[in-house]
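Where a number appears in this text, it was derived from the coordinates with a stated rule and is not lab data. Keep in mind that what you see is a predicted model, and the values were worked out from it rather than measured. Don't worry about glycine lacking a Cβ; one is built from the backbone with ideal geometry, like all the others, and counts go over all protein chains shown.
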């Protein structure tokens, strides 16, 4: 059973007014779904330290409820909090596939790799009912556009048939995030995400069907999940993962408040050590937003962890992730013919 949802919800920095409740009287929060009426679906990344240019997010907010999620502050721009609001006030884009098709029809679309889940998980529990990610993948298959998916959900197995077809005509890569190997620790920090062992099984099933998979130990939380580096890598490699990546914890904005509060609640005896280690990685701060720094850690302890990670990768035979095939994108002929009539 998942732990009860924590009630803390830091006030959005954009709100002029807020309501404070007496201790023990904060109301429970049910899931609220809101249609996102955005007129576009693909975002162009301009960060020089990310390996992709275009991403797609069919959802805003995430039911997985991971306390460390770097995307939490994005909810503040929508007028909501980064805590329980991020986990229970969820936005979805019902026109996702239609908007993606419109993007692909534009002459300016270069046919480059499209990353699903640059912000929130494309296979969070909402996807089981709404199917927005699958509908977007169907459009990618129609146009033979290469795709990379980042997820921590076993729900991706539902779409293996579609991923196989897309991998045959273009390219599909999958990154599966496994932060912990200790299932009890994972349940506290990632309360509504599949267990680490279940994610490894997803890696196995994807790999068996010829879909290249990378395991992400992300975020790597010093003093908490660092002991899990070796067992995660060993399990992922045995399941067929080709590559591995580690990203140190970063806590921008209100993400820090949520993480610290839940850390103090769930790991009170270890919280001080964990926070000290996190600070050591980033010159005493919880986050370094500078390009080329935000995904890296510094300090003696961080270098020791990097050595363990690199040596274990080498021992297990991990390799570089395959480069996406290029030049596969094409607009369906029947669609071009139909459009030419008008």
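Using alpha carbons only, how many degrees (0 to 90, rounded to 10) separate the axis of helix 271-281 from the longest principal axis of the chain? So the inclination is approximately 60 degrees.
Top mean-square fluctuation among 244, 304, 122, Gaussian network model of the chain, C-alpha springs under 10 Å? Among 244, 304, 122, the largest mean-square fluctuation in the Gaussian network model of the chain belongs to 304. Only helical runs count toward this figure. For the chain, summing -39,500 (n - 2.57) over DSSP H runs of n ≥ 4 and dividing by all residues gives -10500 deg cm²/dmol at 222 nm. Against the chain, whose longest principal axis comes from its Cα atoms, helix 160-169 is set at around 50 degrees. Packing around the peptides 182-193, 165-176, taken as the average count of other Cβ atoms within 10 Å per residue, puts them in this order, highest first: 165-176, 182-193. Using every pair of distinct Cα positions in segment 151-216, the Kirkwood expression returns a hydrodynamic radius of 12.3 angstrom. For the pair segment 189-209 and segment 85-152, the centres of their Cα atoms are 20 angstrom apart. Extension gain for residue 46 to residue 333 (0.36 nm times residue separation, less C-alpha to C-alpha distance): 100.1 nm. For the chain, set up a Gaussian network in which alpha carbons nearer than 10 Å are linked by springs, and say which option among 74, 55, 108 fluctuates the most. Greatest mean-square fluctuation among the candidates belongs to 108.
The angle separating the long axis of helix 96-105 from the principal Cα axis of greatest extent in the chain is about 50 degrees. The GNM of the chain, with springs linking C-alpha atoms under 10 angstrom apart, assigns the highest mean-square fluctuation among 88, 277, 209 to 209. Taking each residue as 0.36 nm, the span from residue 304 to residue 168 lengthens on full extension beyond its C-alpha to C-alpha distance by 44.9 nm.
Please find the FRET efficiency linking residue 285 to residue 234, where r is the Cβ-Cβ separation and R0 is fixed at 35 Å, and quote it to the nearest 0.05. After rounding, the FRET efficiency stands at 0.60.
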